[in-house]
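Q: This is the structure I want to talk about, given as structure tokens.
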Amino acid sequence: MASYMTGTSTPQKRKAPKILERITSAPVLSILQPLDPDEYTLYIMGHCNIGRKYISNINMFIGGRVELSAQELTFRMQEDGLPRNIKNVKLFACNGGAIDPSVTGSALDSYGARLYWSLTTRGFDNVKLTAYTVPLMAATVDLRTGHKRAFDGSLPSTHRRQWPS
């Protein structure tokens, strides 16, 4: 699993996203090393749900289902060359930021919270992670602009959580 998508973080500078897939063990995220971390956003695409401790690959019908915990995903991204100075990460996965009612009040109440904790404890000190609290429709991602929609047709930005808050 590891489908990453990068794009610029400001609308006036928005460029077409570049899709990076981990097909081999080559450090696919190392292409971000020379870039200014203020100029791009890393999107992590996968399947998630409320209370899940794992994210699943988006193309699970090809090669089988792969699930990664937040710690495993962080380790995988480190192997893939994720720059330590990364600033903007968006978890593009259904309900990745949705609070599990059984652990309300816990610092690790969602996959997004777990991923943020995992990144910061491994030295990614400047990262801001955004995760959505609603189902998303990946089919509506316009690869030319990076725009996406929540399952109900609204903009996902109205249904998100961010860390640090």
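The values are calculated or read from the model by the stated rules, or taken from the named source; none is laboratory data. All values reported here derive from a predicted model rather than from experimental measurement. Every residue, glycine as well, gets a Cβ built from its backbone with ideal geometry; the counts of neighbours run over all protein chains shown.
Q: Answer yes or no as to whether residue 140 is modelled with pLDDT under 80, of a type in the set (S, T, N, Q) and surrounded by fewer than 19 Cβ atoms within 10 Å (Cβ to Cβ). Quick ask: steps written out before the conclusion?
A: Working: modelled with pLDDT under 80: yes; of a type in the set (S, T, N, Q): yes; surrounded by fewer than 19 Cβ atoms within 10 Å (Cβ to Cβ): yes.
Yes: the conditions hold for residue 140.
Q: If we keep just the residues of region 28-51 that are polar (S, T, N, Q) and not in a helix (DSSP H, G or I), which is surrounded by the most Cβ atoms within 10 Å (Cβ to Cβ)?
A: The first filter runs over region 28-51 and keeps only residues polar (S, T, N, Q), leaving 30, 33, 41, 49.
Okay, now just the ones that are also not in a helix (DSSP H, G or I), so 33, 41, 49.
Details: 33: 12, 41: 20, 49: 16.
Ranking the qualifying residues of region 28-51, first place goes to 41.
Q: Hey, another quick one. Here are the criteria: (1) modelled with pLDDT under 95; (2) outside any helix (DSSP H, G or I). Tell me which single one residue 123 does not satisfy.
A: Of everything listed in (1) modelled with pLDDT under 95; (2) outside any helix (DSSP H, G or I), residue 123 misses just condition (1).
Q: Tell me which residues, restricted to region 23-51, are in contact with a helix residue (DSSP H, G or I) (Cβ under 9 Å, 6 or more places away or on another chain) and either modelled with pLDDT under 70 or small (Gly, Ala, Ser) (or both).
A: Of region 23-51, the ones in contact with a helix residue (DSSP H, G or I) (Cβ under 9 Å, 6 or more places away or on another chain) are 25, 27, 29, 39-40, 42, 44-46, 48-51.
Hits for region 23-51 are 25, 46, 51.
Q: Which of the residues that make up region 57-82 are modelled with pLDDT under 90 and within 13 Å of the chain's Cα centre (by Cα)?
A: 57, 58
Q: Oh, and also: Out of (1) basic (Lys, Arg); (2) modelled with pLDDT of 70 or more; (3) in contact with a strand residue (DSSP E or B) (Cβ under 8 Å, 6 or more places away or on another chain); (4) part of a loop (DSSP other than H, G, I, E, B), what's the single condition that is false for residue 15?
A: The number of the failed condition is (2).
Residues checked against (1) part of a loop (DSSP other than H, G, I, E, B); (2) within 13 Å of the chain's Cα centre (by Cα); (3) at pLDDT below 95; (4) closer than 27 Å to residue 33 by Cα:
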residue: 94; (1), (2), (3), (4): yes, yes, yes, no
residue: 112; (1), (2), (3), (4): no, yes, yes, yes
residue: 134; (1), (2), (3), (4): yes, no, yes, no
residue: 147; (1), (2), (3), (4): yes, no, yes, yes
residue: 153; (1), (2), (3), (4): yes, no, yes, no
